[in-house]
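Heads up, the thing below is written out as structure tokens.
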Amino acid sequence: MSATTAAWLVLAAPLAGTIITGALFNRLPGRAAGWVGTAAIAISFVFALITLAKLQQQAPGQRELTSTLWTIAGTTGVDARATILVDPLSVLMICVVAGVSTLIHLYSVSYLHGDRGYSRFFAYLNFFVFSMLLLVLAGNFLLLIVGWAFVGAASYMLISFWYRRTTATAAGLKAFVINVLGDIGLVLGTFFIFRHTHTFDLVASFHAAPHVFASGNGDLTAGCLLLLVGALAKSAQIPLHTWLADAMEGPTPVSALIHAATMVTAGVYLIARMHPLFQLAPAAGDVGAIIGALTLLIAGTIGLAATDLKRVIAYSTMSQIGYMIMGVSVGAYTAGLFHLMTHAFFKALLFMAAGSLISAMGGSQSLNRMSGLRRALPFTFGCFLIGGLALSGVPPFSGFFSKDSILLFVAGRGGWHWALYVAGYLGAFLTGLYTFRMIFRAFLGDPCPEAAELIEHGHLFHPAVPTNPANGEVEDTDVGFPGPDHVIAERAIPMRAAMGLLAVLAIVGGIVSIPNTTSWLENFLAPTFADSTIVSHPSNGLLYFGLILGAAISLASIATAYVVWVAKPALAPAVAVRLRPLTTLFENKWYFDELIDAVVVRPGAWFGRFAQNTFERVFVNGLLIGASTGLVRACSALVRGMQSGILRVYAGLMLVGIAGVGLYFLLQS
């Protein structure tokens, strides 16, 4: 089996899982749909590993393979083919996506048990993974756009999975609309590049770019900025980030899949994949780096004020993706992808632990109601703690090595990049602060009633009347709403297995690229980025300084969180009152939703109403449709009037017509 054949099978397995679970949704008994969906992704992961092994057998200079299944359209100037590109970058992505997605599916087998949409959920979940795998394996812009759009559609279906919950459907629509804006950017960016390279093939475009574009070319810069719009929308970077926190309305495994292995990492992948183009458009790369740095800081401050457990983790994702976007935008491709990989491990773990925690709380997600759950949920606490330490960048956990590798490269660029370096470490302090704010508030202190019931009686808390945790609306547990069962990791072997494996990876994942010790990941990705012209020259002194500084900041942030929320719990409310303007700003998420509503939504709605009441009603309906309809009716009446049935009238009209034609030709001669 060749590497490309295995890669096609990587795509085929989740597609087959989607079809089977979708077609047989009402015939699969019990958890069968869950196991079929999980097996499909596990098979995909096995083929991803085979693809990796086969690619490693190639010489480093020959690790860029393409395979075309069929030609979609082949005309002059258009080369639309179903082509995949198998190289170290795409193989790394399919291994991460398929591997982490397998564990999320395994977790979901128990977590969604009892939900009336069980089979439908796994059909959607398989389709989501298929779409992401198609995106990262695409060998041309057309297939990339298809995968990009499929990911957006799948996210809408999963975020709105509980479709009778009004907040879920609104969140799904919001995510879909913002991602369509990103789709438009991707399509327009492709047009700017295609008009010069005359090919949709990625490899051919990259080879042609240095010959058809000068550095800083206006069309290329515009194209890369438009590609960046697509990346920012998909990866939830400001100002196109507002959909991400609302996406927490979907089931917790969906949150894990979106944030850890699939959707939000697509923007990072896109910039890394398009690096030959971005290197010729340095202004676009600078814009991406600045937006990434701003995002990691703004998201960190919002995470300090949010009280919804899943939303705090969502803002941490937004912040960590900011690191990755900043990294790949300044040329730290390997470092950015390294953080993408480790982040997938610990962020999926955090969401899974959060799901177990929320189940113990009877569906409540508010940190204000949680306390003392450490004794009630010891396994969940251990996993949450490991994920939190990795997210905070505490050595020797995986996040410590990957985050600092980005900042080291940034510092090596020098100049104005030092501002990004400072922002990165400030963001690291915020990360530890909001992460351990979650941990200390949820797991330490006196047990809340839900924790006490679990400790004393071993019973999970079940609310008398199920409600929407977002707005308190009363719900039932029928189809379209969350099911009646609440499942914690302590009592579900599939959940414990998935979380246990991710906990191990969160601890040891950094081993693939330890500074001055191991360089497996860098060596593996080297063929893909061998043409990179961006250089960074950090000294060993800067390396060790960064590692020590990163560790010190992480530990200091945890110590600060302990003082504020454990040792002196009255301190947090006092600081919030003293810094009321900042607290209000952070609680209202920097007013981005209100700003977009005022600048985009309301003017757009007003213009739509104006166009409907004036242009459409008066011009289109009145003049175009009304006038043309009247003309047709008049002509019809004239023709009907001429249909007298008298033969001599028809003969006379025929003679007049023949005479007219003859006169026309006489005049032309």
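Here the Karplus curve 6.51 cos²θ - 1.76 cosθ + 1.60, taken at θ = phi - 60°, turns the phi angles of the range 46-63 into couplings of 4, 5, 5, 5, 5, 4, 4, 5, 5, 5, 5, 6, 7, 5, x, x, 10, 9 Hz, with x standing for Gly and Pro.
Ordering Ala293, Gly510, Ala551 by Cα displacement along the dipole of the chain toward the positive end leaves Ala293 in first place; charges were set at the Cβ atoms of Lys, Arg (+1) and Asp, Glu (-1). Take each peptide in 83-93, 10-20, count the other Cβ atoms within 10 Å of every residue, and average; sorted highest first, the result is 83-93, 10-20.
Of the three principal axes defined by the Cα atoms of the chain, the extents in descending order read 109, 63, 56 Å.
For helix 602-611, report the angle its Cα long axis makes with the longest principal axis of the Cα atoms of the chain; keep it between 0 and 90° and round to the nearest 10°. Roughly 10 degrees between the two axes. Take the Cβ atoms of Ala526 and Ile19, set R0 to 45 Å, and the FRET efficiency comes out at 0.70.
Inter-part distance, the range 584-608 to the range 482-548, computed on C-alpha centroids, equals 37 Å. Annotation for His457 and Tyr591: the two label points, set 7 Å from Cα along the Cα-Cβ direction, are 4.8 nm apart.
3J(HN,Hα) along the range 500-515: x, 5, 5, 5, 4, 5, 5, 7, 9, x, x, 5, 6, 8, 8, x Hz, from the Karplus curve 6.51 cos²θ - 1.76 cosθ + 1.60 with θ = phi - 60°, whole Hz, x for Gly and Pro.
Extending 7 Å from the Cα toward the beta-carbon at both Asn368 and Gln62 defines two label points whose distance is 6.5 nm.
Here the range 437-481 and the range 45-106 have alpha carbon centers that stand 43 Å from each other. Over 19 Å between C-alpha atoms is what I'm after, so list which of Lys234/Lys347; Lys310/Lys347; Lys347/Lys403; Lys174/Lys403; Lys310/Lys403 land there. Check vs 19 Å cut-off fails for Lys174/Lys403; Lys310/Lys403. Couplings 3J(HN,Hα) for the range 195-201, derived from phi with the Karplus relation 6.51 cos²θ - 1.76 cosθ + 1.60 (θ = phi - 60°), are 5, 9, 8, 6, 8, 8, 5 Hz, where x marks Gly and Pro.
Projected over every direction and averaged, the convex hull enclosing the alpha-carbon atoms of the range 49-128 yields 7.8 nm². Peptides 361-370, 259-268, ordered by how many other C-beta atoms sit within 10 Å of their residues on average, highest first, read 259-268, 361-370. Summing Lys and Arg as +1 and Asp and Glu as -1 over all other residues whose Cβ lies under 14 Å from the Cβ of Phe128 gives a net charge of +2. Close amide H partners of Thr467, meaning residues 5 or more places away or on another chain with modelled amide H under 5 Å apart, are Glu475.
Quick note: the coordinates plus some simple rules give every number you see, no bench work behind them. If you're wondering where the values come from, they're calculated on a predicted model, not measured in any experiment. Here the Cβ is made from the backbone with ideal geometry for all residues, glycine too, and neighbour counts use every protein chain on show.
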